[in-house]
Structure formats: C-alpha cells, structure tokens
Amino acid sequence: PPIKGATLAVEDVSKAFGGNRALDGVNFRAAPGRVTALIGPNGSGKTTLLNMVCGFYRTDSGRILLDGERLEGATPHRVARAGVARTFQTPSIPDGVTVLEAVAAGRYSTDRASVLSAVLRLPGFRRVRRADREEAERMLALVGMGHLRGERASALPLGMRRLLEVARSLIAAPGVLLLDEAASGLDEDEVDRLAELIRRIRAAGGTVVLVEHNFRLVLDLADDIVVLAHGQVIAQGPPAEIETNPRVLGEYLGA
Ligand code: ADP
C-alpha cells in the first residue's frame, strides 16, 4: 500500500543548554521514499535534534518544516498531528491488550500518552471497530506479524515489540517516521527483520529518519547519512562517501 511521505527540512537549527551548544546551525532534509540516518558519537546532539523536531524542545534559532509548514515552536501534540511519528527505544506497549488492539489504538494516538489513554479508557475498546481492525490487519501484514494478532502485545520479545511500535506509528499515516535507536538490543535476525520493514516503508513512499548506533545497519540501509559531531553536521552524503570520509572515521568511529 502506498504511504504518503512528507519532506522534513531542518534549517540552520541551533540549541544551547546554558553555555553548552548542543546543536549549532544544523541543516538536513529527509525526503519521501528515502531513508535518512542521523549518526554521531555520544553527546553529538542526535537526541536533542529528535526532541526538537518532535516539539519537546524549543529551537533557539532556525526553522523546521514539514512539506513547507513550519513546525518549530509547535507543541509535541501539534507536531504529531502534522504527521511526524516517533518510535522510542523502549516500546511503551500497555499490558493486557492484544497485538491487534495495540496497533488499532495507534490510529487514535497522536502522541505516546494518548496511545495509552486510547487503549485504557475507551469503553469497549476490545470490540475494535471493523474499519480499525481492517487497517490494523493491513499494518500487521506489512510488518509480518499477522499471525501474532491475538497474542498479548506486552509479552512479545523486544524485536517484535519494536516492529509493533512501527506498525502502531504507521497506522496513523505519518508523513515522517522517526526511529530512535530501533535496532538497539535486537539480535541479528531481528535487525534483519527491522531492516526489511524499513525497506518496505521506503519502497511504499514513506519518509524514514533513523537515529542509529549500528553503523553497519546504517551503511546498509540509508540513502543519506547525516553525521553530527559536537552539535554540527560534519559530513552528509550517501553511504559510500560517508564510509570513506576521513573526518567521519576520525570523529565517529575513532571516538
Ligand atoms: P546524543 O543523542 O548524540 O548522544 P544529546 O543530544 O543527548 O547527544 O546531547 C548533546 C549535548 O547536549 C550534550 O552535551 C548533552 O550533555 C547536552 N544536553 C542534552 N540534553 C540536555 C538537557 N536537557 N539539559 C542540558 N544539556 C543537555
């Protein structure tokens, strides 16, 4: 099924915490049908950048645009409604719901808190509406988890819960999908499965942004790699360029 990806543009974004310049004039662009990876050593500003895009932090200066609509200064709720979805390193899947219910609930969520309230507070949520069930089934098929629809979501292994998080995000039809360290803690098979899913999302036209420590995975998957060090973009380009960039090798791999 096609996914309507949006273009995310980060323009000259800066952010300081006290005297510490966490981000210093950062520019990058993530486009539909492409996987853009943000990498860099610890403390280079990746999380700050994600938090800024999601509206958790305010920018000191610069612009963040989604298909031309300005997002900097918007609340996390508004950013989510505008179409930016983010998965977290720790999946937050509520207890006592099935895989299908967890995915269906994603339809009503524009942020993490409301996923929970959608599941826990909607009366009779267990009788998932037919249209939602069908959509949830489609998403489960996309992530290859259709056979697990009736399982207790929170009891799944970490790799499956990560895929489930992606399915839950996708059901809200986001323009941009931000994956925060989605591969961390996964075994090789699980990483392969995640990579396959990300390729499918890309092929369907989605815009994917990865913040990822797994350099191999990034080289393998990404169309564009943005390398941060000390809050600045020190290199940007396709894997073949990044892999051989001496500054990247020094700053990132040598770190
Ligand atoms: P990364 O995700 O690449 O490891 P971060 O974005 O977490 O990097 O950190 C970038 C810099 O900003 C670091 O120097 C970090 O100490 C600082 N920083 C991040 N968040 C905060 C915060 N909430 N308050 C103060 N300093 C912060």
Can you find, among V191, V209, A82, the residue farthest towards the positive end of the dipole of the chain? Put +1 on the C-beta of Lys and Arg, -1 on that of Asp and Glu.
A82
Ranking request for peptides 200-210, 240-250: highest mean number of other beta-carbon atoms within 10 Å first, then the rest in descending order.
200-210, 240-250
Relative exposure of E151, E101, judged by other C-beta atoms within 10 Å (fewest first):
E151, E101
Running a GNM on the chain with Cα contacts under 10 Å, which residue among R199, R149, R129 ends up with the highest mean-square fluctuation?
R129
Using the number of other C-beta atoms within 10 angstrom as an exposure proxy, rank M145, M139 with the fewest first.
M145, M139
Quick one: which residues, 5 or more positions from E72 or on another chain, have an amide H under 5 Å from its amide H? H modelled 1.01 Å from N in the peptide plane, none for Pro or chain starts.
I64
Under the Karplus curve 6.51 cos²θ - 1.76 cosθ + 1.60, θ = phi - 60°, whole-Hz ³J(HN,Hα) for segment 230-240, x wherever Gly or Pro sits
6, x, 10, 7, 9, 6, 7, x, x, x, 4
Dipole magnitude (debye, nearest 20) for the chain, charges at Cβ of Lys, Arg, Asp, Glu:
1080 debye
Any residue on another chain or 5+ positions along whose placed amide H is under 5 Å from the amide H of L228 is listed here as I39, G40, I234
Indicate the gyration tensor shape class of the chain (rounded, prolate or oblate), computed on the Cα atoms with a ≥ b ≥ c the square roots of the eigenvalues: a/c under 1.5 is rounded; otherwise a/b larger than b/c is prolate and the rest oblate.
prolate
Determine the sum of side-chain charges near L142: Lys and Arg each +1, Asp and Glu each -1, restricted to other residues whose C-beta is under 11 angstrom from that of L142.
-1
Report the net charge of residues surrounding R63, where surrounding means a beta-carbon distance below 9 angstrom and charges are Lys +1, Arg +1, Asp -1, Glu -1.
-2
Any chance you could give the angle, 0 to 90 degrees and rounded to 10, that helix 158-170 forms with the longest Cα principal axis of the chain?
90 degrees
Residues S61, S14, sorted so that the one with the fewest Cβ neighbours within 10 Å comes first
S61, S14
Net charge of neighbours whose Cβ lies under 12 Å from the Cβ of A235, counting Lys and Arg as +1 and Asp and Glu as -1
-3
The chain, relative contact order in percent, only Cα pairs under 8 angstrom and at least six apart counted:
29 percent
Looking at the chain only, what percent of DSSP beta bridges run antiparallel? Nearest 5 please.
55 percent
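Laboratory data are not the source of any read-out in this text; all were calculated from the coordinates shown. Quick caveat, the model's predicted, so the values are computed rather than measured. We place every Cβ from the backbone using ideal geometry, glycine too, and count neighbours over all the protein chains shown.
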